Amino acid sequence: MAKILMHVCCGPCSIYPLDYLRGEGHNVHGYFFNPNIHPYTEYIRRKETLDAFAEKENWPVIFAEEYPLEEYFRHVAYREGQRCRFCYAMRLLQAVRVAKRGKFDAFTTSLLVSPFQKHELIREVAEDLADRYDVPFYYVDFRKGFKEGVEKSKLLGMYRQQYCGCVFSEKERYAPREKGRQK
Ligand code: SF4
């Protein structure tokens, strides 16, 4: 059994990875740090959704107090096309630091469950951090449980967001509809 810190992007995405890791017998702790979620009210809604789920599951989750969206925007300005790399790195850097400080055996992320994320990029960024901080990255292709997690989140009545997190992803989600309405 390993003590694993799982960076959590949101409640619904954590369902399958938590089941999977607990099923393997690990002691799993969550870590919520997501300054890429905009606007702030959406961030709070996702945070509260995870908080309620964690309580129900008797799952220890650390909620970062910081919400440095200024730092996020400073780094992605003028390179919005590469924003996901920085976004993953920013969040997983904090996760690996917490894992190191807390003497976890490994860290991972619920981001690996989504077929809509840049899966190989997440893995690349995380493995680089694992080398630099000497904390193993527990890689699992959680995507095989994506549908199962979606179904369970619906049964639980959890809030399910409609876009990845940043304002750019929100625009990508909704702008085509706006164009359609203008016709
Ligand atoms: S699309 Fe998602 S992963 Fe990419 S920068 Fe925005 S919030 Fe981060």
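None of the figures in this text is laboratory data; all of them are computed from the coordinates on show. Quick caveat: nothing in here was measured; it's all calculated off a predicted structure. Cβ: placed from backbone, ideal geometry, glycine included. Neighbour counts: every protein chain shown.
Length gained on full extension, residue 162 to residue 127: 9.7 nm, using 0.36 nm per residue less the C-alpha separation.
Quick one: angle between helix 40-56 and the longest Cα principal axis of the chain, in degrees between 0 and 90, rounded to 10, please. That works out to roughly 30 degrees.
Peptide packing for 91-98, 45-52 was compared via the average number of neighbouring C-beta atoms within 10 Å per residue; ordered from the highest value, the list is 91-98, 45-52.
Summary of packing: across the peptides 27-37, 72-82, 9-19, the per-residue average of other C-beta atoms within 10 Å ranks them, highest first, as 9-19, 27-37, 72-82. Cross-link partners of residue 147 among aspartates and glutamates, defined as those whose alpha carbon lies under 19 angstrom from its own and excluding same-chain residues fewer than eight positions apart: 19. Model label points for residue 63 and residue 151, set 7 angstrom from Cα along the Cα-to-Cβ axis, are 3.1 nm apart.
Against the chain, whose longest principal axis is taken from its Cα atoms, helix 11-23 shows a tilt of about 20°. Could you tell me how many degrees, from 0 to 90 and to the nearest 10, lie between the Cα long axis of helix 167-182 and the main elongation axis, the longest principal axis, of the Cα atoms of the chain? That works out to roughly 30 degrees.
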